[in-house]
Amino acid sequence: MKATIPSMSHEEKDELHLRRIDPVQNMRRFYTLQIQPTLFGGASLVRYWGRIGTNGQAKINTYDDPHRAKAAYWQLERVKRRRGYKEPEASKNSASHDVAIFAGKRARIPTLLPSLQAENVDD
């Protein structure tokens, strides 16, 4: 039986950022997937992974057919989500929290940015 590949639309994201953070296991990982067109009509699947705060590693797989690249993208996304990777949470302090994580600090944001605490008092 042939696997069906959903059609690609221009509205679909060609980039995905995932994280897996587990303080109990001292685990702070990132995983990024990107689809990039090639000069000859194909597509490349670019993967970046590693510990948050490091450069990590990269791998590029090139496909003659963009649909095959997208199928590989979806397969890797499913595998990573099954292993506990999630998209970063969007919150008011998420950008500041990212700075703390990438700096390798485990401090909470209110202690790093007291100005944000003061703004939230009157809300």
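The values are calculated or read from the model by the stated rules, or taken from the named source; none is laboratory data. In this text, all values refer to a predicted model and were calculated from it rather than measured experimentally. Positions of Cβ are backbone-derived with ideal geometry, glycine not excepted, and every protein chain shown enters the neighbour counts.
Below is a table of values for the structure above.
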{"quantity": "Qualifying positions in the range 42-63 - touching a residue at least 24 places away in the same chain (Cβ under 8 Å), assigned to a loop (DSSP other than H, G, I, E, B) and either within 19 Å of LYS13 (Cα to Cα) or out of contact with any Phe, Trp or Tyr (no Cβ under 6 Å at 6 or more places or on another chain) (or both)", "calculated": "GLY42"}
{"quantity": "Residue in the range 49-72 that is touching a Pro at 6+ places or on another chain (Cβ under 8 Å), at pLDDT 95 or above and surrounded by fewer than 17 Cβ atoms within 10 Å (Cβ to Cβ) present", "calculated": "no"}
{"quantity": "Given (1) at pLDDT below 95; (2) loosely packed, with under 12 Cβ neighbours inside 10 Å, number of the condition PHE102 does not satisfy", "calculated": "(2)"}
{"quantity": "Residue list for the range 69-81, filter: charged (D, E, K, R) and free of Cβ contacts under 8 Å to residues at least 40 places away in the same chain", "calculated": "ARG78"}
{"quantity": "Search result, residues across the range 17-32 that are hydrophobic (A, V, I, L, M, F, W, C) and either touching a Phe, Trp or Tyr at 6+ places or on another chain (Cβ under 7 Å) or outside the structural domain of LYS80 (by TED's automatic domain parsing) (or both)", "calculated": "LEU18, PHE30"}
